[in-house]
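Data first, discussion second: the structure below is written as structure tokens.
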Amino acid sequence: MLFPNIDKIQYEGPNSKNPLAFKFYNPDQVVAGKTMKEHLPFAMAWWHNLCAGGSDMFGRETADKSFGAEKGTMEHAKAKVDAGFEFMQKLGIEYFCFHDVDIVPEADDIKETNRRLDEITDYILEKMNQTGIKCLWGTANMFSNPRFMNGAGSTNSADVYCFAAAQVKKALELTVKLGGKGYVFWGGREGYETLLNTDVKFEQENIANLMKMAVAYGRSIGFTGDFYIEPKPKEPMKHQYDFDAATAIGFLRYYGLDKDFKMNIEANHATLAGHTFQHDLRISAINGMLGSIDANQGDYLLGWDTDEFPFDIYETTMCMYEVLKAGGLTGGFNFDAKNRRPSYTVEDMFHAYILGMDAFALGLLKAAKIIEDGRIEEFIAERYSSYNSGIGAKIRSGEATLEELAAYAENMGAPALPGSGRQEYLESIVNNVLFCG
Ligand code: XUL
Ligand code: CO
């Protein structure tokens with residue numbers, strides 16, 4: 001046991017003061033027709049939880065993630081598997097997400113890296129079979145190694161492009177081996193620093209081709225899940241091609257990839273793009289592309305991806321409102337989140353996940369209440385009611401012509417002002433639902 005001082009985390013209810021208990025996440029509680037566990041397929045992110053020790057640009061690691069083994073060895077890779085599965089079991093988390101290089105130390109030769117990947121995934125598979133824990137999605141890290149300084153699909157080097165292809169191929173094979181529901185492309189370095197050295201069209205075509213090859217290969221080896229693009233506007237690159245959901249969806253449609261891909265929306269990425277989390281969820285949902293979520297939050301005072309554990313109940317409520325209205329996710333809620341650097345103990349790892357899981361459970365409860373309350377939905381329907389009949393209905397049917405509408409307007413005199421937006425009233429409904437009962 002790697003966490004001997006931590007017992008299985010239990011639900012104790014909102015009045016509990018036990019730091020190692022859930023206050024809102026009650027897996028078997030039924031909300032809006034499904035259990036919380038069904039609404040909220042939570043996943044552990046291998047990289048933050050088992051690999052990252054809190055180093056930043058100004059200082060080294062504060063948290064010890066050696067789990068009793070020497071770092072950079074296969075013993076350490078296995079100790080991380082042991083730690084990860086014990087951690088997930090103690091929290092009742094049913095899924096994990098991984099990059100290839102999270103699960104083994106990368107060797108100089110990709111054949112050796114792949115051999116290590118085979119070995120570790122045999123071990124992971126054993127643990128999965130013992131515990132029932134599943135893989136939500138896999139991905140290839142094509143941004144950390146210096147070879148990817150100019151991107152993977154977008155690189156100027158054909159050799160690096162082939163290396164990226166080799167990593168995608170292997171990561172897809174591993175995702176299939178582990179039964180992953182999805183495969184993610186996060187284009188961390190798929191972008192540019194300056195147009196003085198960049199052919200944007202050329203790079204975007206190459207990225208699309210890499211994705212097409214991935215789809216063809218994935219389908220040929222039995223991958224039936226969704227491919228995801230995880231949009232992010234910047235960081236590490238100044239301009240990233242997958243700026244936000246709208247941009248990524250347009251890209252997928254243009255290159256004919258929209259049948260195989262959906263969005264993996266990360267809260268902190270949406271806010272970096274100048275949107276709300278809810279905005280990118282809505283844009284994905286109305287395009288039939290809301291696949292999965294990287295559950296975290298940013299800091300409005302900081303301009304980078306802080307990857308904090310979700311704490312803001314307004315945000316989780318509006319997220320769950322979108323998810324409920326969309327009929328749920330085909331993917332899940334991956335905590336792409338890390339402890340703050342001074343929170344470096346094992347207890348902090350558990351507190352972080354308890355916070356995140358409780359924040360989404362409470363958000364789910366509140367979102368279900370907003371929908372059940374019905375005042376907001378009712379207001380929206382009424383707001384567009386001028387399209388229910390007469391000229392409005394004709395516009396909606398797509399049969400109206402510009403001449404006809406112009407003639408209608410010329411006979412009308414000045415139109416009345418549109419009905420009030422009532423934003424403050426609607427916001428007070430949200431507060432009412434959140435804080436009364
Ligand atoms: C980086 C990020 C990644 C992706 C997977 O901002 O979110 O960890 O989720 O590569
Ligand atoms: Co992410």
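Points to keep in mind about this one:
- Qualifying residue in region 167-174 (condition: closer than 20 Å to residue 258 by Cβ, within 16 Å of ligand 2 (Cβ to nearest atom) and touching a Phe, Trp or Tyr at 6+ places or on another chain (Cβ under 7 Å)): no
- Filter result for residue 363 (more than 16 Å from ligand 1 (Cβ to nearest atom), at pLDDT 95 or above, of a type outside the set (A, V, I, L, M, F, W, C) and loosely packed, with under 15 Cβ neighbours inside 10 Å): no
- Qualifying positions in region 176-196 - more than 16 Å from ligand 2 (Cβ to nearest atom), closer than 26 Å to residue 115 by Cα and not in a loop (DSSP other than H, G, I, E, B): 176, 177
- Single unsatisfied condition, residue 203 versus (1) acidic (Asp, Glu); (2) farther than 21 Å from residue 136 by Cβ; (3) outside any helix (DSSP H, G or I): (3)
- Residue in region 330-346 that is modelled with pLDDT of 95 or more, within 25 Å of residue 56 (Cα to Cα) and aromatic (Phe, Trp, Tyr) present: yes
- Some residue of region 68-90 being within 16 Å of ligand 2 (Cβ to nearest atom), surrounded by 19 or more Cβ atoms within 10 Å (Cβ to Cβ) and farther than 26 Å from residue 319 by Cα: no
- When residue 372 is tested against (1) surrounded by fewer than 22 Cβ atoms within 10 Å (Cβ to Cβ); (2) within 16 Å of ligand 2 (Cβ to nearest atom), only condition (2) is not met.
- Search result, residues across region 48-88 that are in contact (Cβ under 8 Å) with a residue 60 or more places away in the chain, assigned to a helix (DSSP H, G or I) and within 16 Å of ligand 1 (Cβ to nearest atom): 48, 49
- Total residues in region 199-249, condition buried (at least 21 other Cβ atoms within 10 Å of the Cβ) and of a type in the set (S, T, N, Q): 2
- The single residue among 131, 73, 121, 113 that is out of contact with any helix residue (DSSP H, G or I) (no Cβ under 8 Å at 6 or more places or on another chain), modelled with pLDDT of 95 or more and hydroxyl-bearing (Ser, Thr, Tyr) turns out to be 73.
- Taking helices (runs of 4 or more DSSP H) as the structural unit, those lying wholly within region 222-314 and holding at least 1 residues that are more than 14 Å from ligand 1 (Cβ to nearest atom) correspond to 245-254, 277-286.
- Here region 211-246 is the region considered, the condition is being under 30 Å from residue 298 (Cβ atoms) and of a type in the set (A, V, I, L, M, F, W, C), and the residue that is nearest to ligand 2 (Cβ to nearest atom) is 229.
- Within region 324-342, the set of residues being away from ligand 1 (no atom under 16 Å from the Cβ), in a loop (DSSP other than H, G, I, E, B) and either under 17 Å from residue 290 (Cα atoms) or free of Cβ contacts under 8 Å to residues at least 24 places away in the same chain (or both) comprises 326, 327, 328, 330.
- Some residue of region 294-304 being of a type in the set (A, V, I, L, M, F, W, C), surrounded by fewer than 23 Cβ atoms within 10 Å (Cβ to Cβ), closer than 24 Å to residue 36 by Cα and modelled with pLDDT of 95 or more: no
- In the set (1) over 16 Å from residue 186 (Cα atoms); (2) touching a residue at least 12 places away in the same chain (Cβ under 8 Å); (3) of a type in the set (D, E, K, R), residue 259 fails one condition alone, (2).
- Some residue of region 137-153 being touching a residue at least 60 places away in the same chain (Cβ under 8 Å) and of a type in the set (Ser, Thr, Tyr): no
The values are calculated or read from the model by the stated rules, or taken from the named source; none is laboratory data. If you're wondering where the values come from, they're calculated on a predicted model, not measured in any experiment. Cβ atoms come from the backbone with ideal geometry, glycine included; neighbour counts cover every protein chain shown.
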